[in-house]
1. Just to be sure, is A151 among the hydrophobic types (A, V, I, L, M, F, W, C), loosely packed, with under 14 Cβ neighbours inside 10 Å and free of Cβ contacts under 8 Å to residues at least 24 places away in the same chain?
2. May I ask you to list the residues in the stretch 67-95 that are under 16 Å from the mean Cα position of the chain (by Cα) and either more than 16 Å from ligand 2 (Cβ to nearest atom) or more than 24 Å from H169 (Cβ to Cβ) (or both)?
3. Before we move on, is D419 without any contact (Cβ under 8 Å) to a residue 24 or more places away in the chain and touching a strand residue (DSSP E or B) at 6+ places or on another chain (Cβ under 8 Å)?
4. If I filter the stretch 412-430 for residues that are acidic (D, E), modelled with pLDDT of 95 or more, in a loop (DSSP other than H, G, I, E, B) and within 16 Å of ligand 1 (Cβ to nearest atom), do I get at least one hit?
5. Can you find a residue that is over 28 Å from R42 (Cβ atoms), in contact with a Pro (Cβ under 9 Å, 6 or more places away or on another chain) and not hydrophobic (A, V, I, L, M, F, W, C) anywhere in the stretch 132-143?
6. Give me the residue from the stretch 50-59 that is crowded, with 18+ Cβ neighbours inside 10 Å and of a type outside the set (V, I, T) and, out of that set, nearest to the chain's Cα centre (by Cα).
7. For the stretch 397-416, how many residues are of a type outside the set (D, E, K, R), in contact (Cβ under 8 Å) with a residue 60 or more places away in the chain and buried (at least 21 other Cβ atoms within 10 Å of the Cβ)?
Amino acid sequence: MTSDDAITPDPETIAGLERWRELPIRQQPEWPDAEAIERVHRELALMPPLVFAGEVDRLRQRLAQAADGQAFLLQGGDCAETFAGATADNIRARVRTLLQMSIVLTYGASVPVVKMGRMAGQFAKPRSKDTETREGVTLPAYRGDIVNDYAFTEGGRQPDPARILRGYHTAASTINLVRAFTTGGFADMREVHSWNRGFAANPANARYEQLATEIDRAVRFMEAAGANFDELRDVEFYVGHEGLLMDYERPMTRIDSRTGLPYNTSAHFIWIGERTRQLDEAHVDFCSRIRNPIGVKLGPTTTPDDLKALADKLNPDREPGRLTFITRMGAGKIRAALPPLLAAMKDEEVKPLWVTDPMHGNGITSSTGYKTRRFDDIVDEVKGFFEAHREVGTHPGGIHVELTGDDVTECLGGSEQIDELGLESRYASLCDPRLNHMQSLELAFLVAEELRA
Ligand code: PEP
Ligand code: MN
């Protein structure tokens, strides 16, 4: 479509995008210089979009399939991406891990796996306290690289508007490399699966060897039957992040010339965190006005009425694939907390997509002082998620995990049996603990078993 054909947006649509400014808002930094923020808004609003509205629409269709049990969503990546962490090696390792997991899940689920990185924009973090105190010194909390520096110094912790532009450029180079990897041959299923074979042959993971062998045979069968692996080399890969920092999300939201409707062009998928999902506040209002599929994180205190109100606000037209509920209940709570929620939405004509985040309800502090999670609790929450869906008769539609492709030691347990002392050897996260490469694959094999059950 040429710009001459562009559809003029409704003035109310445009005005609605500013409505959040009049509403209560949480988890935003106190920028030192209002004028500098205005300049950043203007500059960012002129930058090219990172994703195209047509891709966002296609993702919505994919998520509708997942909500219906015809696909399965895999979302994963760092808790907090960092600017320094946006290296080729790092990005490659995360994409590789997600592709490896997705092959195992595809086999387990016997449906397409929708692949999505918690990547290329996951730079802003909600915090439980506005400040942090160390040895008697109190400074602003670290809110992610797009706001301030992790370094515990007065200058470091000062929110800096220039970081928003750096966040955009870092996201742009990340998504560029992700697109190159996922369309340039790196995602060839035969290659990716051969990496899993090595994992399953390791004595610590021998229990997965049979599943890996079955996948081998399936790949060979496809080859023999004439599947065109050259076409299968390109995979659809989406990106999503928490839509938290309004000074990034608003300027990245643009009117699509094809439809006259607003799309947040910083990512395909945007989710609202557990801490900012209040119905009458800024984040929910803003997200209700953009066309991207929206996720909402739900903790264990969520009620059926909350869900209905969120669905009415975020998906009033009951559009398939529009709304994803990402539950993060905690392993000890999910079996009691989730079934009533599933039941409350079960009779809706258009169902939300249900995804489990088995990470955020299972945080603990080790005796050595590290923020960590037990691999066994993560697995238990995933199992509880599948049990709840079996009990109610709904579709378990996906999994949302914090992971890295690297060999870090941040979560306890797994086949390498990382213990409390082991945590300190390679703890690299600036925020929440992530599954390492091996733990991620192990989780994928376990989920594949559940999907086949
Ligand atoms: C997160 O996903 O890193 C996060 C903060 O999650 P939640 O909103 O579920 O606490
Ligand atoms: Mn996190």
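1. Working: among the hydrophobic types (A, V, I, L, M, F, W, C): yes; loosely packed, with under 14 Cβ neighbours inside 10 Å: yes; free of Cβ contacts under 8 Å to residues at least 24 places away in the same chain: yes.
Judged against the criteria, A151 is a match.
2. So in the stretch 67-95, the residues under 16 Å from the mean Cα position of the chain (by Cα) come out as 72-82, 91, 94-95.
If the condition is that a residue be under 16 Å from the mean Cα position of the chain (by Cα) and either more than 16 Å from ligand 2 (Cβ to nearest atom) or more than 24 Å from H169 (Cβ to Cβ) (or both), then F72, L73, L74, I91, V95 are the ones that fit.
3. Values: without any contact (Cβ under 8 Å) to a residue 24 or more places away in the chain: yes; touching a strand residue (DSSP E or B) at 6+ places or on another chain (Cβ under 8 Å): yes.
When the stated conditions are applied, D419 passes them.
4. no
5. Within the stretch 132-143, one or more residues are over 28 Å from R42 (Cβ atoms), in contact with a Pro (Cβ under 9 Å, 6 or more places away or on another chain) and not hydrophobic (A, V, I, L, M, F, W, C).
6. So the first thing to find is which residues in the stretch 50-59 are crowded, with 18+ Cβ neighbours inside 10 Å, and the list is 50-51, 53, 56-57, 59.
Among the residues that remain, those that are also of a type outside the set (V, I, T) are: 50, 53, 57, 59.
Details: L50: 17, A53: 19, D57: 18, L59: 14 Å.
Filtering first and then ranking leaves L59.
7. Total meeting the criteria: 8.
For every residue, the table says whether it meets (1) within 16 Å of ligand 1 (Cβ to nearest atom); (2) under 21 Å from H268 (Cα atoms); (3) of a type in the set (D, E).
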{"position": "P320", "(1), (2), (3)": "no, yes, no"}
{"position": "G330", "(1), (2), (3)": "yes, no, no"}
{"position": "E349", "(1), (2), (3)": "no, no, yes"}
{"position": "P358", "(1), (2), (3)": "yes, no, no"}
{"position": "R374", "(1), (2), (3)": "no, no, no"}
{"position": "G384", "(1), (2), (3)": "no, no, no"}
{"position": "V401", "(1), (2), (3)": "yes, yes, no"}
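The values are calculated or read from the model by the stated rules, or taken from the named source; none is laboratory data. Here the structure is a predicted model, which means the values were calculated and not measured. FYI the Cβ positions are ideal-geometry reconstructions off the backbone, even for glycines, and counts take in every protein chain you see.
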